[in-house]
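Inspection log for the structure reproduced underneath, given as structure tokens.
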């Protein structure tokens with residue numbers, strides 16, 4: 001998919017695309033059932049030129065899914081509101097990636113373990129050293145899908161609003177309101193008496 | 001679409017669904033072209049039982065779109081990471097809504113103006129009193145699509161991890177890391193000498 005509108009916002013280099021995919025935590029997966037598109041939030045991890053997807057939210061939809069079904073995964077990072085002098089030029093600052101590819105069921109237990117580890121490490125680097133790994137039964141109960149990146153494109157908007165020349169004379173506040181996804185203090189559950197692990201002191205996106 | 005997996009996370013009442021749609025800023029729109037799903041980030045506004053979508057990012061995709069094409073709009077609010085003792089029970093706290101409906105092109109100028117105002121007000125309540133409204137030319141250049149909410153379902157996960165009974169004996173930190181989308185200080189552009197408007201002091205989601 002080529003980015004045709006607002007050509008200035010199109011970015012194609014793989015480094016940019018990977019950085020956005022790696023900073024994101026939740027992606028939105030598009031799939032088609034009987035002509036109806038569905039979009040569901042998913043956890044994922046990029047490993048080289050593939051994306052691993054996981055989980056129960058997919059189960060019902062994956063059940064009918066033949067290997068080779070076309071998928072779309074979109075990851076969007078919201079960076080700010082852009083307030084222009086005219087309603088027309090209002091916008092958002094964001095970085096997003098759209099990936100197209102085909103579904104492949106991951107059944108091999110070793111690949112499944114590696115994929116699940118990659119997903120946990122993607123969201124919380126360091127965590128797999130700590131958490132108990134999956135049992136054979138848990139592994140069986142978990143669906144994992146791989147999606148080879150057939151096509152990917154990024155769009156980025158940053159910076160101040162761009163108003164029509166004559167609108168700069170108007171006395172209207174214009175600028176940006178930055179938005180940041182901020183992690184709070186880790187809150188242990190009621191039965192936890194372990195110390196907060198290093199990789200949460202603090203938790204950061206993207207990981208340092 | 002009924003939520004079949006993790007039935008406890010399914011929420012159907014309209015008040016819950018509307019609250020999530022109204023707190024979200026960016027939705028992910030799914031549509032199908034030649035069997036390929038596409039998912040694109042969009043600004044939107046809910047007005048009663050319809051969702052208005054807008055904009056240039058849609059243009060290329062909307063061009064081929066017949067009125068009546070099935071759409072899916074998903075809005076996800078990320079509330080936190082859920083770290084369980086087992087990798088298997090790791091999760092996210094989130095609130096999401098999946099809306100299914102059909103596309104309807106909005107061509108009537110009055111409805112178009114109202115829809116665009118609704119989108120701006122949805123993201124920044126109070127802003128349309130301030131910003132210059134669209135000229136006839138701008139209005140013509142803006143595509144607006146309405147989507148009647150045919151079906152909607154919400155999923156919510158909150159609270160601490162739920163581990164397998166025997167895993168609570170493990171000395172592994174477990175709990176939540178809250179995530180919040182935090183607005184920063186409004187930054188005027190270089191040519192702005194107006195005071196920061198009241199509706200940005202501070203900017204809040206959801207609006208009070």
(message) Report the rotationally averaged projected area of the protein assembly as shown based on its alpha-carbon convex hull, in square nanometres.
(response) 20.2
(request) State, to one decimal in nm and shortest first, how far the label point of residue A:141 sits from each corresponding label point in the other identical copies (label point: 7 angstrom along Cα-to-Cβ). (result) 5.6
(request) Take every Cα pair under 8 Å in chain B that's 6+ residues apart, average their separations, divide by the length, and report that relative contact order as a whole percent. (result) 27
(request) Determine the calculated [θ] at 222 nm for chain A from helices alone, applying -39500 (n - 2.57) to every DSSP H run no shorter than 4 residues and normalising by the residue count; nearest 500 deg cm²/dmol. (result) -5500 deg cm²/dmol
(message) As a test of the definition: which semi-axes, in Å, follow for chain A when you take the square root of five times each eigenvalue of its alpha carbon gyration tensor? Largest first, please.
(response) 35, 24, 14
(request) May I ask for log10 I(q)/I(0) of the stretch A:86-208 at q = 0.16, 0.18 Å⁻¹, from a Debye sum over the Cα atoms as equal point scatterers with solvent left out? (result) -1.03, -1.13
(request) Take the alpha-carbon positions of the stretch A:75-115, form their convex hull, and give its projected area averaged over all directions (one quarter of the hull surface) in nm². (result) 4.8
(request) Based solely on C-alpha atoms, express the radius of gyration and the Dmax of the stretch B:129-173 in angstrom. (result) 25.1, 68
(request) Any chance you could give the angle, 0 to 90 degrees and rounded to 10, that helix B:109-123 forms with the longest Cα principal axis of chain B? (result) 40
(message) Need one number: the % of Cα-Cα pairs in the stretch A:164-206 sitting beyond the 16 Å mark.
(response) 63
(request) Can you list the distances in nanometres, one decimal and ascending, from the residue A:35 label point to the identical position in each other copy, with the point 7 Å along Cα to Cβ? (result) 1.5
(request) Once you've got the GNM for chain A with C-alpha springs shorter than 10 Å, pick whichever of A:54, A:28, A:90 has the biggest mean-square fluctuation. (result) A:90
(message) Which residue fluctuates most in the GNM of chain A (Cα springs below 10 Å): A:101, A:27, A:175?
(response) A:175
(message) Given a Förster distance of 60 Å, report the FRET efficiency between residue A:105 and residue A:182 from their Cβ-Cβ distance, rounded to the nearest 0.05.
(response) 0.95
(message) Once the label point is set 7 Å along the Cα-to-beta-carbon vector, what list of distances in nm do you get between residue B:15 and its counterparts in the other copies?
(response) 5.3
(request) Between residue A:164 and residue A:121, take the C-beta separation as r, use R0 = 45 Å, and let me know the FRET efficiency to the nearest 0.05. (result) 0.45
(request) In a Gaussian network model over chain A where Cα atoms closer than 10 Å are linked, find which of A:196, A:75, A:47 has the largest mean-square fluctuation. (result) A:196
(message) Helix B:14-23 against the longest principal axis of chain B: what's the angle in degrees, Cα atoms only, rounded to the nearest 10?
(response) 70
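Taken together, the values in this text are just the output of simple stated rules run on the coordinates, not laboratory data. Here the structure is a predicted model, which is why all the values come from computation and not from measurement. No Cβ is skipped: glycine too gets one built from the backbone with ideal geometry, and neighbour counts run over all protein chains shown.
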